Amino acid sequence: MKKAGMPIAVIMQRRAVQHIWADEAWAAVGVVPDRGNLPPLQVLSESPERDYYLVSGLELELYTDEHEGYYENAMAPESKVFVLWRMEEGRAMPVRASVSYVEGTRMFDSGESADGVTMPAEIYAWLASYLRDNYQPKPRRGRQHG
């Protein structure tokens with residue numbers, strides 16, 4: 001069940017590489033809150049070596065069944081926003097984003113293109129507030145054996 005959401009935009013990067021199998025590499029390199037005034041796609045800078053563009057229209061969604069993953073990410077030394085992207089018409093386009101460590105792991109394990117980008121302070125504060133209001137960590141009982 002969805003409990004909260006925050007519109008975001010993703011900063012994507014294309015950089016030229018000299019590699020036997022590829023001329024360019026793509027990555028999600030940043031995330032910003034979207035206050036509703038951003039175009040769907042905005043070129044930030046272009047050069048032969050590197051392009052940056054901003055893609056809006058995504059939403060971070062928080063669900064009750066992902067609380068453990070949100071908590072694990074929030075407690076990590078460097079919290080991340082995980083971005084899954086696909087190539088569309090010659091450009092890498094983000095299709096989903098999450099602040100759940102568990103969902104981020106599923107993105108990486110899926111074989112699709114995904115990146116973990118540093119979580120901005122505003123998104124971290126939003127996530128931390130949600131966790132304070134909606135999540136109670138499970139008490140640990142001795143050593144866990146697996």
Those residues of the range 1-15 which are in contact (Cβ under 8 Å) with a residue 60 or more places away in the chain and touching a Ser or Thr at 6+ places or on another chain (Cβ under 7 Å), in sequence order: M1, K3
Filter result (among the hydrophobic types (A, V, I, L, M, F, W, C) and open to solvent by 50 Å² or more (accessible area, probe 1.4 Å)) within the range 80-115: M87, V95, V102, F108
Search result, residues across the range 20-40 that are without any contact (Cβ under 8 Å) to a residue 40 or more places away in the chain and within 24 Å of the chain's Cα centre (by Cα): E24, A25, D34, R35, G36, N37, L38, P39, P40
Residues of the range 20-40 satisfying the condition of being part of a loop (DSSP other than H, G, I, E, B) and under 25 Å from M107 (Cα atoms): W21, A22, D23, D34, P40
Where P77 falls short, out of the listed (1) outside any strand (DSSP E or B); (2) open to solvent by less than 60 Å² (accessible area, probe 1.4 Å); (3) at pLDDT 95 or above; (4) not acidic (D, E): (2)
Criterion (within 20 Å of the chain's Cα centre (by Cα), surrounded by fewer than 13 Cβ atoms within 10 Å (Cβ to Cβ), over 21 Å from F108 (Cα atoms) and not basic (K, R)) met by exactly one of V43, V17: V43
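The values are calculated or read from the model by the stated rules, or taken from the named source; none is laboratory data. Just so it is clear, the model here is predicted, and its values are computed rather than measured. Counting neighbours? That spans all protein chains shown, and the Cβs are built from the backbone with ideal geometry, glycine included. Accessible surface areas use protein heavy atoms only, side chains included; no ligands, DNA or RNA. Shrake-Rupley method; radii C 1.70, N 1.55, O 1.52, S 1.80 Å.
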